[in-house]
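Some notes on the structure that comes next.
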Amino acid sequence: MQISAEELTALVQRALAEDLGTGDVTTEAIVSPDARARALISQKAPGAVYGLDAAETAFRLLDPGVRCERLVSEGRWRDGRGPVLSIEGSTRALLSGERTALNFLGRLSGVASMAAQAAAVVQGTRARVLDTRKTTPGLRALEKAAVAAGGASNHRFGLFDALLIKENHIEAAGGIGNAIAMARSAAPRLADTLEVEVRDRQEIEEALEAGAPRLLLDNMDLDELAASVALVDGRALLEASGGVTLADLRQVAETGVDFISLGALTHSAPALDLSMLLEAL
């Protein structure tokens, strides 16, 4: 799910309001309203850049006449430093929008960079790396877009677009079979998305007996994952989930699972280091 231009504008407006408050007192004290400048945002560490729309929106909201030139392709990994975005416009707008633009760009580029690393790790296996709902409140659409740009895949966006029966649902329903039957009956249009969390062989067999098309293998070690793949033998798609890191991602992929959900893509991705330098015109 992509964020609309209207939604992005509203989101960036809130971020600017949080930073500016009643006004950028330092810039207003020092810089003439008529002053103009050119600024260059540069990448200072290896990674994949994403979030240029948000960065440009921050400057345009402060100066509708600002001119932006993109100097990098979004989602493409770069090993070194280099220019990312050139901006020309009101000096006040460039200075006041700098931190908001860099915050969006650094955060989203960090997510895209981790997604790119994860996708590279599983290359050559059948597994696809998925994101989760462990996102920054209010930034889910942007962070999931960054995941996709980096080369990993999106899981469900929220609670509304897929059926995922977890252990607490199973407890509330009185068992796996009951939970699956109730979910199918209540939301038949989402039946193809139905996934059930399972923890052991018995629960796998119960879910398969009830016709679950997809199983989430919860917090299993490598031997348990491999055994589950053999047991299911293609009767359902399998997702490994729980505590997976970049360090053990390849080993998990090599067990033969179809998907690996990696919450770290969004909840633990370090921001990409970027900076902005200004030149008066």
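More than 18 Å apart: what percent of Cα pairs in region 153-261 qualify?
Working: 2675 of 5886 pairs.
So the portion of pairs separated by more than 18 Å is 45 percent.
Find the relative contact order for region 88-148 and round it to a whole percent, using C-alpha pairs within less than 8 Å whose residues are 6+ positions apart.
Working: 25 pairs, mean separation 23.2, N = 61.
Dividing the mean separation by the residue count of region 88-148 yields 38 percent.
Specify which residue in the list 173, 32, 45 is farthest towards the positive end of the charge dipole of the chain, using unit charges on the beta carbon of Lys, Arg (+1) and Asp, Glu (-1), about the Cα centre.
Looking along the dipole axis, the top candidate is 32.
Fully extended, how many nm does the chain gain between residue 178 and residue 10 (0.36 nm per residue separation, minus their Cα-Cα distance)? The partial results should precede the final answer.
Details: separation 168, 0.36 × 168 = 60.48 nm, distance 4.27 nm.
Contour length minus Cα-Cα distance gives 56.2 nm.
Say R0 is 30 Å: what FRET efficiency, to the nearest 0.05, do residue 231 and residue 171 get from their beta-carbon distance? If you can, show how the numbers build up before the last one.
On the way: r = 23 Å, r/R0 = 0.78.
That pair, residue 231 with residue 171, gives E of 0.80.
How long, wide and thick is the chain, going by the Cα atoms along their three principal axes, in whole angstroms, largest first?
Each principal axis gives a Cα extent; for the chain these are 72, 39, 25 Å.
So, in nm, how far is label residue 38 from label residue 219 when the simple model puts each one 7 Å beyond its Cα toward the Cβ?
5.7
Using modelled amide H (1.01 Å from N, peptide plane; none on Pro or chain starts), what sits under 5 Å from the amide H of residue 273, excluding residues fewer than 5 places away?
Result for residue 273 returns 44, 45.
Would you grab the residues whose amide H sits under 5 Å from the one on residue 48? Only those 5+ places off in sequence or on another chain, please, with H modelled 1.01 Å from N.
Sorted by chain and number, the residues that satisfy this are 78, 113.
Hey, can you grab everything whose amide H is under 5 Å from the amide H of residue 237? Only 5+ residues off in sequence or another chain; H modelled, so Pro and N-termini drop out.
214, 215
Return the FRET efficiency for the residue pair residue 200, residue 28: r is the Cβ-Cβ distance, R0 is 41 Å, and the value is rounded to the nearest 0.05. Before the final figure, lay out each step's value.
Details: r = 64 Å, r/R0 = 1.55.
Efficiency for this residue pair is about 0.05.
Which whole-Hz ³J(HN,Hα) couplings does region 102-111 yield from phi under the Karplus relation 6.51 cos²θ - 1.76 cosθ + 1.60, θ = phi - 60°, glycine and proline marked x?
Once rounded to whole Hz, the list reads 5, 5, 4, 5, x, 5, 5, 5, x, 5.
So what is the 222 nm mean residue ellipticity for the chain from helices alone, if each DSSP H run of at least 4 adds -39500 (n - 2.57) and you divide by all residues, rounding to the nearest 500 deg cm²/dmol? Mind dumping the intermediate values first?
Working: 11 runs with 122 residues, N = 281.
Using -39500 (n - 2.57) per qualifying helix, the result is -13000 deg cm²/dmol.
Using a 10 Å cut-off around each Cβ, can you sort 6, 69 from fewest to most neighbouring Cβ atoms? Intermediate results must be reported in sequence, preceding the final value.
Details: 6 8, 69 11.
With the sparsest Cβ surroundings first, the list reads 6, 69.
Report, in whole Å, the centroid distance computed from the Cα atoms of region 193-220 and region 27-79.
Taking the Cα centre of each part, region 193-220 and region 27-79 sit 47 Å apart.
Read phi for every residue in region 178-192 and hand back ³J(HN,Hα) as whole Hz from Karplus 6.51 cos²θ - 1.76 cosθ + 1.60, θ = phi - 60°, with x for Gly and Pro.
Values per residue, Gly and Pro as x: 4, 4, 5, 4, 5, 5, 4, 5, 7, 9, x, 5, 9, 4, 5 Hz.
Provide the per-residue ³J(HN,Hα) series for region 207-215, in order, calculated from phi with Karplus coefficients 6.51, -1.76, 1.60 and θ = phi - 60°, each as a whole number of Hz, with x at glycine and proline positions.
5, 5, 4, 7, x, 5, x, 8, 10
Rule-based calculations on the coordinates, nothing more; no lab input. Please read these numbers as outputs of a predicted model, since none were measured by experiment. Note: ideal-geometry Cβ built from the backbone for every residue, glycine included; neighbour counts use all protein chains shown.
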